[in-house]
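One structure is given below, encoded as structure tokens.
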Number of protein chains: 2
Amino acid sequence: MAKIESPVITQIGIIVRDIEQTSEAYAQFFGIEKPKWMRTDPLEQTEMRYKGQPSEARAKLAFFDMGSVQLELIEPDEHPSTWREFLDTHGEGVHHIAFQINGMKKMLNLLEEGNMPLIQKGEYTGGRYAYVDTLKDLKVILELLENDPKL
Amino acid sequence: MAKIESPVITQIGIIVRDIEQTSEAYAQFFGIEKPKWMRTDPLEQTEMRYKGQPSEARAKLAFFDMGSVQLELIEPDEHPSTWREFLDTHGEGVHHIAFQINGMKKMLNLLEEGNMPLIQKGEYTGGRYAYVDTLKDLKVILELLENDPKL
């Protein structure tokens, strides 16, 4: 069985239809500044795979620091992704909980063997992410984040 | 507008059908000990109100510390509660994100005025909780937790 040692939740990811509107609502509710959203990189950079296939999907992301946890708003585009699928099937709401890990490849192999398949993965500047289908056992999708060692 | 100052996420609440089974899955996945679940107190102690009415509802709770955030598993019983309603309408999954606050009464009044009505509230040993319907604006239910000052 795969093990995330000393698990620390670093992000909660929430799928939204309109990142401007929901960012504004969060900013107002908590009396904090509305963060600028950023767009995930294009496929050439992310090498994104969704259910094993390359996808052109991108998302708008906005982050709110709330203690040691980041709340992440995600507005998917129309291309196939776990974000789009969640919005189409569940509507807006909490999509995943994220953990920082080391050794992504090994971890994903162990999870696959444990019947927790990879849903989507991609690279970002400084690291990579993977969403794992842990819904059956853990009742929520997990995101694994691996940052490259700092030079 | 109500404001939670310096918002810090303290808990993520996940509704489950079988707390024994899901606790075991979490314990195995993270290589940690399975916590014992506890049952919420009876109505005489909690003075629980769900949609303004007293309810006999109780839940089994299990907690996992994951950094500064607790992951809380909640197995509702059959009586009316936000937990039961969520399970019946959404199935298992993330039900709420919790914040520690001070001044519960004032906060609930402000939220009500801001069209974010109270869903459910109750007392526990050492404090009280309230679930607020922030779904429309924030896309997730918030739980407010207020601890009594330590004597």
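The values are calculated or read from the model by the stated rules, or taken from the named source; none is laboratory data. Source: prediction; values computed, not measured. Cβ sites come from the backbone with ideal geometry, for glycine too, and all protein chains shown count toward neighbours. We work out accessible area using only protein heavy atoms, side chains counted, and drop any ligands, DNA or RNA first. Shrake-Rupley method; radii C 1.70, N 1.55, O 1.52, S 1.80 Å.
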Exercise. Do you know which residues across segment B:33-72 are in contact (Cβ under 8 Å) with a residue 60 or more places away in the chain and of a type in the set (A, V, I, L, M)?
Worked result: B:M48, B:V69, B:L71
For this session: Answer yes or no as to whether B:L135 is open to solvent by less than 30 Å² (accessible area, probe 1.4 Å), under 28 Å from A:E24 (Cβ atoms), without any contact (Cβ under 8 Å) to a residue 40 or more places away in the chain and touching a strand residue (DSSP E or B) at 6+ places or on another chain (Cβ under 7 Å).
Result: no
For this session: Could you tell me whether A:D148 is free of Cβ contacts under 8 Å to residues at least 24 places away in the same chain and either within 17 Å of A:I12 (Cβ to Cβ) or loosely packed, with under 13 Cβ neighbours inside 10 Å (or both)?
Result: yes
Exercise. When residues of segment B:50-78 are filtered for being open to solvent by 80 Å² or more (accessible area, probe 1.4 Å) and in contact with a strand residue (DSSP E or B) (Cβ under 9 Å, 6 or more places away or on another chain), how many remain?
Worked result: 2
Problem set entry | Flag for A:T89 being closer than 13 Å to B:G93 by Cβ and polar (S, T, N, Q) | yes
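Conditions (1) in a loop (DSSP other than H, G, I, E, B); (2) at the interface with chain B (Cβ under 8 Å from one of its Cβ atoms); (3) of a type in the set (G, A, S), marked per residue:
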residue	(1), (2), (3)
A:S6	yes, no, yes
A:I14	no, yes, no
A:Y26	no, yes, no
A:F29	no, yes, no
A:K34	yes, no, no
A:A57	yes, no, yes
A:E78	yes, no, no
A:W83	no, no, no
A:F86	no, no, no
For this session: Could you tell me whether A:L73 is within 14 Å of chain B (Cβ to nearest Cβ), in a helix (DSSP H, G or I) and under 14 Å from the mean Cα position of the chain (by Cα)?
Result: no
For this session: Answer yes or no as to whether B:M116 is in a loop (DSSP other than H, G, I, E, B), in contact (Cβ under 8 Å) with a residue 60 or more places away in the chain, over 12 Å from the mean Cα position of the chain (by Cα) and within 14 Å of chain A (Cβ to nearest Cβ).
Result: yes
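Residue by residue, here is whether (1) open to solvent by 50 Å² or more (accessible area, probe 1.4 Å); (2) within 30 Å of A:A98 (Cα to Cα); (3) among the acidic types (D, E) holds:
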| residue | (1), (2), (3) |
| --- | --- |
| B:W83 | no, yes, no |
| B:H95 | no, yes, no |
| B:G103 | no, no, no |
| B:L110 | yes, no, no |
| B:M116 | no, yes, no |
Problem set entry | Close pairs (7 angstrom Cβ cut-off, 6 or more residues apart or separate chains): basic (K, R) in segment A:74-99, surrounded by 20 or more Cβ atoms within 10 Å (Cβ to Cβ) and modelled with pLDDT of 95 or more anywhere | A:R84/A:A57; A:R84/A:P76
